Amino acid sequence: MASHNHIFLLLVFIHMILTLSQSQPSEIPFTCVPRSTACKSILYQHNQLTENNISSLYSVNTSQIQTITHGNNQDHLVTVPCSCQNVNNTVAYFYNTIFSVKLGDRLSDVSDQFYSGQAWDQGTTFKANTNATIHLLCGCTETDSQVMVTYTVEEKDTLSDIANLLSAEVSEIENVNKVLLQKPGFIEVGWVLFVPMYKNGVPPPPPSTLHPPPPPPPPSSKKRNDHKWAIIFGVLLAVIGLLLCLSIIMFMKRRKMQEHGKENPKAISKTMSFHKSGAMGHTRYLSKENMEAITGFDTERPLVYDLDEIAEATNNFDDSRKIGEGGYGSVYFGILGGKEVAVKKMRSNKSKEFLAELKVLCKIHHINVVELLGFASGDDHLYLVYEFVSNGSLSEHLHDPLLKGHQPLSWTARAQIALDAAKGIEYIHDHTKERYVHRDIKTTNILLDNGLRAKVADFGLAKLVGRTNDDDFIATRLVGTPGYLPPESVKELHVTTKTDVFAFGVVLAELITGKRALMRDNREPNKMKSLITVITKVFEEEEDPEGALVSIRDGSLRDSYPMDDLYKMAEVSYWCLSEDPMNRPEVREVVESLARIVMSSVEWEASLGGSSQVFSGVFDGR
């Protein structure tokens, strides 16, 4: 009997061991502390998807996707912004994207099939015919020489193989993944590892000191003294020569600056001019040192184009190619290297705006921000080359759209456009290494692609601000567009992220009403009326806000909209338009509210069965 008990206890003990070994998690988030600095991270994609599919699933531009060969497979590295977030009480680094859930979808299957098993399965609810936020695991490194790669272990992988594939050190991979890698060298298929990848390859090891050469025999006392005086004399000569060279260089530099002026735009234009290189054809990358000398800021090496290329791409800036015009220059359509582009042509006296836009867009890569491809200079002009966004500005689709060749926007399309634009603004506020304020958010600076997805454009007025709540910027002059400016900017020239929030509140009001930010007052035709007062009146003066809102909503919507969602968007607009900036939301709060409105609007649209005139057809694959 006793022996049976012993055998039973032994079996229970073995079962416990097996259960514990099998319950070890396959993914552990990279923890952080709140307000940790955001960074760029890389997600390793091995699902054999096309770049277009990856771009859609990960909400990134194709320029953020790089092919990598792994054995016989062509895998991809996807560069994403990584930030510290609290997801269902787990504070760690995540990158968020949106997935359109279909009937029968399960998070674990979606993660394995589309996101290489890297989705965090806590705090995500899957409901058919809705958009779900997918939290993808990412991480940040402590040094600029490395970038963290999220990698999922595959068949036949070893730590050494992974380190060689991703230019990393095995010891550093083990150090970062201590909780998972408890047994030296042991890994399992499906484990999600964080790999600190060296951007420029693994540095060589220091010279070996195991067998140092034998020291030379000590010199005689006389030779030592002679040698000592020779060294002292040589050092003195070298110091004197160095000081002399520095003095000559500083004198020449000061003289040159006096002659040409420190910020002569023509001098900048001349410095930035590009000469054709036989080895690189018509384009090349500037080195980091040259770019910093030109612009005075860190960069991610935009392409520098030759002026002849730009002229040829735009048919010598023919008026028939002109697609836009503003205070800082004209925009032309062109085809460059087989790719459709938009070229902004600016006079060299606009070098301040040119450099501001170059400074910001060099560092920003997001699906909801227009991508800068490169620049050029010459002929007393400066040129910025962007991706071409084919459907024009949001303003064209809201204000007299039929006259401009567009159909009126459906309600669901408007809600999605609002969410897209908010995400673009949120990115420059919260998910870049440095925080920027756009300072000119308006419907003409929000562009729409073929699928009516929105991208924020025109960063000519963007400014760097601090990341603490009490940091702001005092402008030297009033900039921006009337009708979108908050009270503190007009009265005191204060600029904070809440400046953009206020302007975005006006954009939401335009999406709801179809009216311009400033319009003629019907009662007093000689005066202009602000859309801000229209929205404020609905919530502060009307006894029936819902009825008042219906009376001012865009007539082209007719009755094809969900009243609850229309009202909620108006509430968000009113919130953004608070006179006191402290009472306005952060953009991330606006994004959360609009995401709920979009999900609800999609459900409402789906309930119509797609047969109604309001069916937007913009949700194909997201």
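Take 544-550, 408-414 and order them by the average number of nearby Cβ atoms within 10 Å per residue, most first; the result is 408-414, 544-550. Using the empirical formula 2.2 N^0.38 Å as the baseline, the Cα radius of gyration of the range 394-607 reaches a ratio of 0.99.
Separation of the alpha carbons by more than 26 angstrom is noted, of 455/529; 442/568; 322/404, for 455/529.
Rg and Dmax of the range 39-198, both derived from C-alpha coordinates alone, stand at 15.3, 45 Å. Peptides 94-104, 145-155 ranked from most to least packed, by the mean per-residue count of other Cβ atoms within 10 Å: 145-155, 94-104. Cross-link partners for residue 156 among the aspartates and glutamates, with Cα-Cα distance under 17 Å and sequence neighbours closer than 8 places in the same chain left out: 75, 188.
Taken together, the values in this text are just the output of simple stated rules run on the coordinates, not laboratory data. Model, not experiment: these values are computed from the prediction. A quick note on method: Cβ atoms are made from the backbone with ideal geometry, for glycine too, and the neighbour counts reach across all protein chains shown.
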